[in-house]
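Inspection log for the structure reproduced underneath, given as structure tokens.
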Amino acid sequence: MKIAKNTVVTVNYKLSDAQNNILEDGQEPIVYLHGGYENTLPAIEEALDGKEVGYSTVIQVEPEEAFGEYDPALVRMEDRDKFPSPLEVGMQFEGVPEETGNLDEPHIFVVTDIADEKVVLDGNHPLAGIALRFALNVAEVRPATEEEIAHEHAHGAHDEHGGHQDDEGGDQFRGFPVH
Ligand SMILES: [Zn+2]
């Protein structure tokens, strides 16, 4: 069947930057509900709309269509004593960006440096500022269930729906949510 609104699409992918450095080799496919539910990047939906199993393509997505430009204002320094111990580079914390105007949604900040009394946090998405190249291959297309349409996301084949949370679509990287 053709990919259309309210179909669930399984797509194998490889993600690289514009220089073809592999960023993710797609060990697990993207599985998303098609039709503007923001389960995946709009550019991916656009490329796959109307296509069928076996369709392959490569698309390039500019930062503004993906995870945004790198924003230096999202890098901030905090006192070490505000954080738990042990603290390591790479740990993530949720916080509200301070000087981004009316934006008050919580943001994930990653610890990028720890000096004596200070901690450097970066609230940019790891893929911010990078032009992304997706090699896509459609593996499966099926009609969405009523429940999936009601939830506005795909349910996995092995997912009993007991384990996943339905709030705010999550920020998991796997599905490439826009925000
Ligand atoms: Zn659900």
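Things worth noting here:
- Residue check, residue 61 open to solvent by less than 30 Å² (accessible area, probe 1.4 Å), under 14 Å from residue 139 (Cβ atoms) and in contact with a helix residue (DSSP H, G or I) (Cβ under 7 Å, 6 or more places away or on another chain): no
- Number of the exception - residue 78 against (1) at pLDDT below 90; (2) assigned to a strand (DSSP E or B); (3) not β-branched (Val, Ile, Thr): (1)
- Single residue of segment 83-107 satisfying the filter (modelled with pLDDT under 85 and of a type in the set (Val, Ile, Thr)) that is nearest to residue 128 (Cα to Cα): 100
- Restricting 52, 88, 24 to those that are closer than 29 Å to residue 150 by Cα, charged (D, E, K, R) and open to solvent by 20 Å² or more (accessible area, probe 1.4 Å) reduces the list to 52.
- Residue within segment 20-28 that is aliphatic (A, V, I, L, M), touching a residue at least 12 places away in the same chain (Cβ under 8 Å) and farther than 30 Å from residue 7 by Cα present: no
The values are calculated or read from the model by the stated rules, or taken from the named source; none is laboratory data. This is a predicted model, so every value here is computed, not measured. A quick note on method: Cβ atoms are made from the backbone with ideal geometry, for glycine too, and the neighbour counts reach across all protein chains shown. Just so you know, the surface numbers come from the protein's heavy atoms only, side chains and all, with ligands and any DNA or RNA stripped out. Shrake-Rupley method; radii C 1.70, N 1.55, O 1.52, S 1.80 Å.
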